[in-house]
Amino acid sequence: MADVPLATQHLLRYLKHRQDEGVKRAFLTDEAKTGLRAVYFHARQPRETVVPAPAPQHQQPVQEERATTTKEPVPQEQSAATDDGVTYPKITVAEVRTSITPSGVGKAAQLADLKARIAEDNEARTVDLRDTMVFSTGSLDPEIMFIGEAPGSEEERQQEPFVGPAGKLLTKIIQAMGLQREMVYISNIVKYRPGMPNQGTRNRKPTNDEMHACLPYIMAETAIVRPKVIVALGGTALEGLTGEKMPIGRARDQVRCWNGIPFVVTYHPSYLLRNDDIAEKRKVWEDMMLVMEVLQMPISDKQRGFFSKKR
Ligand code: URA
């Protein structure tokens with residue numbers, strides 16, 4: 001606490017006191033938020049390594065560390081129930097193959113090497129995934145990395161993530177934040193379109209095995225790109241990254257931490273395509289404003305009012 005400004009120290013003590021009294025939310029001025037953010041970011045370990053170091057067996061599991069937030073905490077779950085009814089412990093560093101150390105100098109070369117490794121890895125393309133890889137796209141120095149679940153038919157055709165109807169909506173969301181699609185990094189947990197008989201243009205959610213097989217790659221990818229914030233789009237992305245299965249309504253609206261990176265979960269854009277309710281759009285927009293706050297991006301009054309119900 002020694003190098004934390006006195007005003008921020010008082011604020012932290014006050015918030016702790018209010019939290020002990022059971023208060024779950026607090027209104028903070030922009031100045032107070034800036035002070036708290038500075039404390040949060042300086043408290044984090046510097047991320048100097050380009051890829052996660054291979055973890056010895058039985059190493060400390062990757063925990064959902066809680067970032068500084070005045071939002072309601074989410075209970076930590078030790079295990080997650082899967083679609084097939086199996087309960088398995090949260091994915092840990094020790095479980096995944098973290099020995100992926102892409103070679104090459106610079107992010108572009110390392111990502112190219114990673115892509116080549118995925119192409120060679122039959123475990124990352126089990127029998128139920130199709131053959132065309134859809135690798136990530138976007139800036140190599142992004143503030144934000146969006147992670148979806150898996151490519152769909154249009155993504156497979158164009159070999160680029162999020163280019164179908166959900167992707168077009170994602171692009172609009174990015175633009176509403178005052179950014180361009182090319183300024184962020186867009187990826188999926190699974191790099192191949194999940195297959196099924198007589199598939200046509202139908203898509204399916206990746207299985208847990210498929211997501212688990214691809215997890216080391218998304219970890220390595222994130223370590224190469226080093227975004228300032230990760231946004232998980234939808235419950236499958238949350239599950240694929242953390243092993244946690246929970247309704248987005250419970251997971252959203254807070255800043256968590258994934259492998260040392262601030263991490264926000266929101267609804268998948270395809271949910272908004274199915275549900276035209278302005279209140280649901282507002283929720284996604286509030287999550288995006290949370291991301292903007294973490295990044296200390298300016299938010300105009302006009303932006304603050306997006307998707308508010310007209311009186
Ligand atoms: N949905 C996803 O999760 N990813 C895509 O790339 C497209 C749609």
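In the full protein context, the range 114-180 carries 47 Å² of accessible surface per residue, based on a 1.4 Å probe and ignoring ligands, DNA and RNA. Computed over the Cα atoms of the range 107-304, the ratio of the radius of gyration to the Kirkwood radius (Rg/Rh) comes to 0.94.
Take 110-122, 228-240 and order them by the average number of nearby Cβ atoms within 10 Å per residue, most first; the result is 228-240, 110-122. Using a 1.4 Å probe on the protein heavy atoms, what percent of the accessible area of the range 107-304 belongs to carbon and sulfur? Solvent-exposed carbon and sulfur of the range 107-304 make up 49 percent of the total.
The values are calculated or read from the model by the stated rules, or taken from the named source; none is laboratory data. These numbers come from a predicted model, not from an experiment. Cβ sites come from the backbone with ideal geometry, for glycine too, and all protein chains shown count toward neighbours. Ligands, DNA and RNA are excluded from the accessible area calculation, which covers all protein heavy atoms including side chains. Shrake-Rupley method; radii C 1.70, N 1.55, O 1.52, S 1.80 Å.
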